[in-house]
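The values are calculated or read from the model by the stated rules, or taken from the named source; none is laboratory data. What you see is a predicted model, and the numbers here were worked out from it, not measured in a lab. Note that each Cβ is placed from the backbone with ideal geometry, even for glycine, and that neighbours are counted across all protein chains shown. Please note that ligands, DNA and RNA were not included when accessible areas were found on the heavy atoms of the full protein model with its side chains. Shrake-Rupley method; radii C 1.70, N 1.55, O 1.52, S 1.80 Å.
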Amino acid sequence: MKTMLRSDSTLSSNRLPALVPELCAHRPIFMRCRSNPIERASSVKSLRQRFSREDRQGIGGIHPTSSFVPGARAAEQSLVTEGETSQKLEETMLKVFPGQAYPLGVSVVESGTNFAIFSQNATAVTLCLVLQEREIQNVVDQGMVELSLDPQVNKTGDIWHICVEDLPRSNVLYGYRVNGPQDWHQGHRFDYENILLDPYAKLIEGRRVFGDASNKMSKFFGTYDFDCSFDWGQSYKIPNIHEKDLVIYEMNVRAFTADESSELDPNIRGSYLGVVDKNMDPNAIKIPHLVELGVNAVELLPVFEFDEMELQRRPNPRDHMINTWGYSTINFFAPMSRYASNGGGSSNASREFKVMVKALHDAGIEVILDVVYNHTNEADDENPYTTSFRGIDNKVYYMVDLDNKAQLLNFSGCGNTLNCNHPVVMELILDSLRHWVTEYHVDGFRFDLASVLCRGTDGCPLNAPPLIKAIAKDNILSRCKIIAEPWDCGGLYLVGKFPNWDRWAEWNGIYRDDVRRFIKGENGMKGSFATRIAGSADLYQVNKRKPYHGINFIIAHDGFTLYDLVSYNYKHNDANGEGGNDGCNDNFSWNCGFEGETDDTFIKDLRLRQMKNFHVALMASQGTPMMLMGDEYGHTRYGNNNSYGHDNALNHLQWGQLKDKKENLFRFFSEMIKFRRSRHLFTRENFISKNEVTWHEDNWENHESKFLAFTFHEVNGSDIYVAFNAHDFGIEAAIPSPPQRKQWFRVVDTNLESPNDFVVEGAPGVGKIYNIAPYSSIVLEAKP
């Protein structure tokens, strides 16, 4: 960890390890802690005002704010009833040391528990400690002790630190008060009344139950558990799947099992354990569903701690919603605590997350995290939600426009932009990523709005962003998949141009749009569609990049589901409270003749056929495919293409519907995925050459042509022929001769009903002409 030091300091960052013993060698300071009665107060501020200035300062820098005192030396607490004219104050001794600057966060050292936090512009820092029984929710009524840090003793460079002896190894809540310059126009947002989360806190405690409206104003505190260990097992192995072989399933941990139809115990639904629960009927076990589907990687929507109730903290048009997607990070190290089963809290969340990762790995499924380092939950200057970074050092952690009254720059669309290429913030992000790899064994990361990470501290794009390079070159992250969403809300669109050092993959947004437009039947898209099928060489065949550096997707969490893509021409977002103004308008969707739900058999059959066509295209393309949870059975959000705030059936996987579609759409999806994974032709490591593909096309310039056929060639003659007909009329396609001593077998015809739409072993009898129905696709395989 490189540490920012003041310019007048004689210490350098590379001396920090040697500095640690020097700091700990300081003579310990014995501090007296005074306790006042337990008060039922609406804020800590009201407690603190009960004391005179001298009492608030206490002896040796201790600030008493409640009656609970840490350590075995704590004196008997004195309870004083309201209205008494005098208070009985009892004293106890706390033994503290100056502490050490490294590592940031909380750590166990020889002298006790060390706390270290960075703030370059702070003038005062106070450590707030609460010892409590974890069953007690209302921390305001629990004991809080405040330790003021002396900048002459408890500060090295820009890092404030203190070591406290005899603290418990768990069940301690902590936070910081931070004060500093009040000059708003210089970018400062200090407020000493706020108790702030440590950016390096490894666990976070707040409300225990997801969506608990009775605790929607719950405060969040850092915590730790140094006794929490986890046995990964002697036979445990990380899958280490090559990128070219991945089939990614984007899913939300909570939404995967939150619905009653999951048939899980209510205490397990929507939790990490819900993904792996083995105590129910075997049919209710969820990982086998992923195995049966055929995917070998899950991309989890954000699992860093977030406040799902943030939209309800003040009256606003969206205050009926619950943030169920989680793109509003509070802390970058702590797993979402309300994904623990049975309201188990942060330590259980940490352990159960590891249980989930281990179970997925044991099933041969990798775990990729969707991470949000472009902004935080702290919103904008108009309606700030200060929990951590803003109050610790706003000018360092966020991009501010010093030419415009130091307003927060907003390239994220969420009110603030993390200052990712500032050295301190960059190191925070790297430490966070390493933590998730070493502590939780995750296999990769998808970076939300990753173009933000390519901006300098002034917001201007960088050709060689230090953070992007550091992630690509980091030894600990070297085995990880690193995937960029290569755009942001400030217009920095970097698809095919994302700085990559031959390591970074990208969500291929151009693939999504071109495939949608061709399959729905737009004119002039055949050439673009062929380019996407072939691996988007126009975007990625640069330097040492590979086809698998393009993440092919048609559907993702934001936007229409696959069913809605073929059922709605327009978004229907009225339930979001923004008058339909949110969500993307350019969906390239087609409702097949009727907007929304219908009983028309012809339209329903066409929609089913189109969903299969999209899936064939995705699985037949060079590059890495990604699909969305629920598309395997045709999940609908009824046209809502921005459903982030709905903790209900709009987002929850419907296991009953899945069961109903098991022998039709699900079967087709599953077999097509397995077909791809078992055929080298679809998973080439290098871009296909002219000898490896034949395009059965001599009319590329025909703007009205919506038919494309091609053959992928294999050295051993196991060729595969694929054709797409996006016309509203049938095409009599001339089928090329099969390789020597081979014949064509029909594997896929999306116009046929299940099970004939996908024949695993292949159906023989394919002639020289094949009548390909309107809006359908076929796959033929050459076999002896």
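Residues in the range 470-487 that are among the charged types (D, E, K, R) and under 15 Å from Ile241 (Cα atoms): Arg479, Lys481. All conditions but one from (1) at positive phi; (2) open to solvent by 10 Å² or more (accessible area, probe 1.4 Å) apply to Leu494; the one that does not is (1). Taking Phe588 as the residue in question, decide whether it is outside any loop (DSSP other than H, G, I, E, B), of a type in the set (Phe, Trp, Tyr) and touching a residue at least 24 places away in the same chain (Cβ under 8 Å). Against the criterion (outside any loop (DSSP other than H, G, I, E, B), of a type in the set (Phe, Trp, Tyr) and touching a residue at least 24 places away in the same chain (Cβ under 8 Å)), Phe588 does not qualify.
Every test in (1) within 18 Å of Asp380 (Cβ to Cβ); (2) of a type outside the set (Asp, Glu); (3) crowded, with 19+ Cβ neighbours inside 10 Å is passed by Gly459 save one, and that test is (3). Tell me, which residue of the range 158-175 that is outside any strand (DSSP E or B) and open to solvent by less than 30 Å² (accessible area, probe 1.4 Å) is farthest from Val130 (Cα to Cα)? Per the criteria, the residue is Asp158.
Rundown of residues vs (1) under 25 Å from the mean Cα position of the chain (by Cα); (2) under 29 Å from Ala464 (Cβ atoms); (3) open to solvent by less than 10 Å² (accessible area, probe 1.4 Å), yes/no style:
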{"position": "Arg503", "(1), (2), (3)": "yes, yes, no"}
{"position": "Gly509", "(1), (2), (3)": "yes, yes, yes"}
{"position": "Asp513", "(1), (2), (3)": "yes, yes, no"}
{"position": "Gly524", "(1), (2), (3)": "no, no, no"}
{"position": "Gly527", "(1), (2), (3)": "no, no, no"}
{"position": "Arg532", "(1), (2), (3)": "no, yes, no"}
{"position": "Ser536", "(1), (2), (3)": "no, yes, yes"}
{"position": "His549", "(1), (2), (3)": "yes, yes, yes"}
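For the range 466-521, name all the residues that are within 26 Å of Leu608 (Cα to Cα), of a type in the set (Gly, Ala, Ser) and in a loop (DSSP other than H, G, I, E, B). The one that is within 26 Å of Leu608 (Cα to Cα), of a type in the set (Gly, Ala, Ser) and in a loop (DSSP other than H, G, I, E, B): Gly521.
In the range 563-588, the qualifying residues are those that are open to solvent by 10 Å² or more (accessible area, probe 1.4 Å) and of a type in the set (Gly, Ala, Ser), and the one that is nearest to Pro315 (Cα to Cα) is Gly577. The residues on offer are Lys395, Lys405, Lys358, and the sole one that is at pLDDT below 95, of a type outside the set (Val, Ile, Thr) and open to solvent by 10 Å² or more (accessible area, probe 1.4 Å) is Lys405.
Just one residue in the set Ile555, Ile551 is touching a strand residue (DSSP E or B) at 6+ places or on another chain (Cβ under 8 Å) and in a loop (DSSP other than H, G, I, E, B); that residue is Ile555. Restricting attention to the range 431-455, which residues are assigned to a helix (DSSP H, G or I) and among the hydrophobic types (A, V, I, L, M, F, W, C)? Scanning the range 431-455 gives Leu433, Trp436, Val437, Ala450, Val452, Leu453, Cys454. Would you confirm whether or not the range 694-707 contains a residue that is aromatic (Phe, Trp, Tyr), open to solvent by 20 Å² or more (accessible area, probe 1.4 Å) and out of contact with any helix residue (DSSP H, G or I) (no Cβ under 8 Å at 6 or more places or on another chain)? Among the residues of the range 694-707, not one is aromatic (Phe, Trp, Tyr), open to solvent by 20 Å² or more (accessible area, probe 1.4 Å) and out of contact with any helix residue (DSSP H, G or I) (no Cβ under 8 Å at 6 or more places or on another chain), which makes the answer no. Look at the range 493-505: where a residue is modelled with pLDDT of 95 or more and a partner is among the acidic types (Asp, Glu), sitting 6+ places away or on another chain with Cβ atoms under 6 Å, you get Phe498/Glu506. Could you go through the range 646-657 and let me know if any residue there is closer than 30 Å to Asn686 by Cα, small (Gly, Ala, Ser) and assigned to a loop (DSSP other than H, G, I, E, B). No, the conditions are met nowhere in the range 646-657. If you filter the range 591-626 down to residues that are free of Cβ contacts under 8 Å to residues at least 40 places away in the same chain and aromatic (Phe, Trp, Tyr), you find that the one that is most open to solvent (accessible area, probe 1.4 Å) is Phe602.
The strands (runs of 3 or more DSSP E) found entirely in the range 176-265 include none that carry 3 or more residues being on the phi < 0 side of the Ramachandran plot, out of contact with any Gly (no Cβ under 9 Å at 6 or more places or on another chain) and at pLDDT below 95. Among the residues of the range 240-269, those that are out of contact with any Ser or Thr (no Cβ under 7 Å at 6 or more places or on another chain), surrounded by fewer than 18 Cβ atoms within 10 Å (Cβ to Cβ) and within 21 Å of Phe682 (Cα to Cα) comprise Asn240, Ile241, His242. I'd like to check something: does the range 149-157 contain any residue that is of a type in the set (A, V, I, L, M), surrounded by 14 or more Cβ atoms within 10 Å (Cβ to Cβ), modelled with pLDDT of 95 or more and on the phi < 0 side of the Ramachandran plot? Checked the range 149-157: at least one residue is of a type in the set (A, V, I, L, M), surrounded by 14 or more Cβ atoms within 10 Å (Cβ to Cβ), modelled with pLDDT of 95 or more and on the phi < 0 side of the Ramachandran plot.
To keep it simple, each residue is scored yes or no on (1) surrounded by fewer than 21 Cβ atoms within 10 Å (Cβ to Cβ); (2) farther than 30 Å from Asp212 by Cβ; (3) among the hydroxyl-bearing types (Ser, Thr, Tyr).
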residue: Ser337; (1), (2), (3): no, no, yes
residue: Ala340; (1), (2), (3): no, no, no
residue: Leu369; (1), (2), (3): no, no, no
residue: Asp381; (1), (2), (3): yes, no, no
residue: Tyr385; (1), (2), (3): yes, no, yes
residue: Gly413; (1), (2), (3): yes, no, no
residue: Pro423; (1), (2), (3): yes, yes, no
residue: Asp431; (1), (2), (3): yes, yes, no
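Set side by side, the residues Lys674, Lys661, Lys690 differ, and just one is closer than 30 Å to Asp259 by Cα, open to solvent by 10 Å² or more (accessible area, probe 1.4 Å) and free of Cβ contacts under 8 Å to residues at least 40 places away in the same chain, which is Lys661.
Residues in the range 735-745 that are open to solvent by less than 70 Å² (accessible area, probe 1.4 Å) and either under 14 Å from Ala709 (Cβ atoms) or in a loop (DSSP other than H, G, I, E, B) (or both): Ile735, Pro736, Pro738, Pro739, Lys742, Trp744.
Among the conditions (1) within 30 Å of Lys571 (Cα to Cα); (2) open to solvent by less than 50 Å² (accessible area, probe 1.4 Å), the only one that Tyr638 does not satisfy is (2). Being open to solvent by 10 Å² or more (accessible area, probe 1.4 Å) and over 24 Å from the mean Cα position of the chain (by Cα) is a condition met by no residue of the range 627-634.
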